[in-house]
1. Return yes when A:R428 is at pLDDT below 90, assigned by TED's automatic domain parsing to the domain that holds A:P338 and not hydroxyl-bearing (S, T, Y) and no when it is not.
2. Cβ-Cβ under 9 Å, sequence separation 6+ or interchain: first residue in region A:19-35 and within 7 Å of another protein chain (Cβ to nearest Cβ), partner surrounded by 18 or more Cβ atoms within 10 Å (Cβ to Cβ) and of a type in the set (K, R). Which pairs?
3. Is there a residue being of a type in the set (D, E, K, R) and modelled with pLDDT under 95 anywhere in region A:103-120?
4. Can you find, within region A:74-131, the residue that is farthest from A:Y363 (Cα to Cα) among those that are among the polar types (S, T, N, Q) and within 13 Å of chain B (Cβ to nearest Cβ)?
5. Any residue that is within 14 Å of chain B (Cβ to nearest Cβ), closer than 16 Å to A:V96 by Cβ and surrounded by 18 or more Cβ atoms within 10 Å (Cβ to Cβ) - is there at least one of those in region A:313-330?
6. Going through A:E372, A:E401, A:E443 one at a time, which residue ends up being at pLDDT below 90 and either open to solvent by 20 Å² or more (accessible area, probe 1.4 Å) or of a type in the set (K, R) (or both)?
7. Among the numbered conditions (1) open to solvent by less than 10 Å² (accessible area, probe 1.4 Å); (2) in contact (Cβ under 8 Å) with a residue 60 or more places away in the chain, tell me where A:Y341 comes up short.
8. Got a number for residues in region A:46-65 being over 25 Å from A:V21 (Cα atoms), without any contact (Cβ under 8 Å) to a residue 12 or more places away in the chain and either open to solvent by 80 Å² or more (accessible area, probe 1.4 Å) or within 13 Å of chain B (Cβ to nearest Cβ) (or both)?
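The values are calculated or read from the model by the stated rules, or taken from the named source; none is laboratory data. Given the structure is predicted, the values throughout are model-derived calculations rather than measurements. Cβ sites come from the backbone with ideal geometry, for glycine too, and all protein chains shown count toward neighbours. Heavy atoms of the whole protein, side chains included, go into the accessibility calculation; ligands, DNA and RNA do not. Shrake-Rupley method; radii C 1.70, N 1.55, O 1.52, S 1.80 Å.
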Amino acid sequence: MIHQYKLNGYNIVLDICSGGVHVVDDVTYDLIGGFESTGREELVDELASRYPDIGREEIDGIYDDVCALKENGQLFTEDTYEDKAGELKAKTNGVVKALCLHIAHTCNLNCEYCFASQGKYHGERAVMSFEVGKRALDFLIENSGSRHNLEVDFFGGEPLMNFDVVKQLVEYARSVEKQAGKNFRFTLTTNGMLIDDDVIDFANREMSNVVLSLDGRKEIHDRYRVDYAGNGSWEKIVPKFQELVKARGGKNYYMRGTFTHRNPDFLEDIKTMLDLGFTELSMEPVVCGENDPARLTEEDLPIVLKQYEDLAKLMIERDREGKPFTFYHYMIDLKGGPCIYKRISGCGSGTEYMAVTPWGDLYPCHQFVGDEKFLLGNIWDGVKNTAVREDFFNCNVYAREECKDCWARLYCSGGCAANAYHATGSVRGVYKYGCELFKKRMECAIMVAIDREFNQDGNTDK
Amino acid sequence: MEHIKTVSTRNLCESAKKGGCGECQTSCQSACKTSCGIANQQCENKNK
């Protein structure tokens, strides 16, 4: 299977199953487009009349080149991976390598669009005790098999509302990781309200990554991200984020925004982030209910898709100016990205990744917390609800009928189970709106990667 | 330009032979938290 598209002056051909990426001229683009449906003679004739400046002989030569790429497994490669779909998960069956610790089901902001209902996840306010957190870390070590790197995200609500426990848990993890043969990688996701020197120092010392919530323009951010008195938080948090990032000294962070129906033109928000001096950026479509006014509409879709294209062009411009920035969804390593097993396995929610509530219950991921149907078990007794785990275990790219003919399936791995569930009622469904955004993001990401590759080689012709 | 420029990429068919160590990051953990995508992940297999 191949996928062809034109973007920013590039004619791009993806060979889906080998991961191959080719940049071609117009005649070759058309030739590849007709290769499987039209016989050689007819196709070459047709192209010779469409491109009179290119001789028939030359087009014949291109045809041979395309045949050679096919022979070489770089074009029209067959999908032979379906039987491998369960292999990685089977090999690592029962191994848990990442936990999202819901350190605080409470928040000092009252964001209307919050998927976690102001941090409470449709339940009571609660904070995780050190004992529960410690047991969660022990549970992770005990269940991580031979896996070395363990990921723990301090999540909420607002985790800094329970900062002492965060610190104690990191201290505990550091005290046991060596002996257990593990390496903890911590992430803190915060709205910034409680950042102070102590937090900055701690986060920059102990957190592999920090995710900072900022929606971009002040008026956009303050529309949703308000305190309980209704005051916007932008003025308060931006200087704190700037201070934290400055002190971070190049360690990973993401300035993470959410865009909604209010700002489908989210590129303006990305530009604001850049103007504020941030360069590691992520901007996510809102996750919310069907009747929520924040929900992205069909009318928003073309606007959003255009933002992604313009964002890619902006990245290239900034590359040329020597002021590069990162957009989370455009990070793509064509040479060193994930292997095929990872690409067909799905995200790992409910199997290798779980969320832990403040009282120690386990859910398939943070987005299922509070939905009792998905309660897996707890950190003392382990996973008891094997039916739900089985459902997630079998959730891979081949489990979704709609994905079978999609060119993006080995880039998205079947998509987000939570999004699928909320859109269709099944974790094996497909959230089509999300697919449209994802496909555009991949096209843009690959185009930017191509531009970088060609320019790094000093070859700037297109 | 020449007719076809092939970008250097990891061959997925080859990765089937030595892949699957499971050391890579969980997909949406520690970043987006709301949409899956694995293409932007790093491979952490030391023996590939």
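1. Working: at pLDDT below 90: yes; assigned by TED's automatic domain parsing to the domain that holds A:P338: yes; not hydroxyl-bearing (S, T, Y): yes.
Spelling it out, A:R428 is indeed at pLDDT below 90, assigned by TED's automatic domain parsing to the domain that holds A:P338 and not hydroxyl-bearing (S, T, Y).
2. A:G19/A:R343; A:G19/B:R10; A:H22/B:K5; A:V23/B:K5; A:V24/B:K5
3. First, the residues of region A:103-120 that are of a type in the set (D, E, K, R): A:112, A:120.
From what is left, the residues that are modelled with pLDDT under 95 are A:112, A:120.
Yes, some residue in region A:103-120 is of a type in the set (D, E, K, R) and modelled with pLDDT under 95.
4. Going residue by residue through region A:74-131, those that are among the polar types (S, T, N, Q) are A:74, A:77, A:80, A:92-93, A:106, A:108, A:110, A:117-118, A:129.
The next check asks that each one be within 13 Å of chain B (Cβ to nearest Cβ); those that pass are A:74, A:77, A:80, A:92-93.
On the way: A:Q74: 41, A:T77: 38, A:T80: 33, A:T92: 19, A:N93: 17 Å.
Residue satisfying both the conditions and the ranking: A:Q74.
5. No: zero hits.
6. Values: A:E372 fails: at pLDDT below 90; A:E443 fails: at pLDDT below 90.
Being at pLDDT below 90 and either open to solvent by 20 Å² or more (accessible area, probe 1.4 Å) or of a type in the set (K, R) (or both) holds for just one of A:E372, A:E401, A:E443, which is A:E401.
7. (1)
8. Of the residues in that region, 5 qualify.
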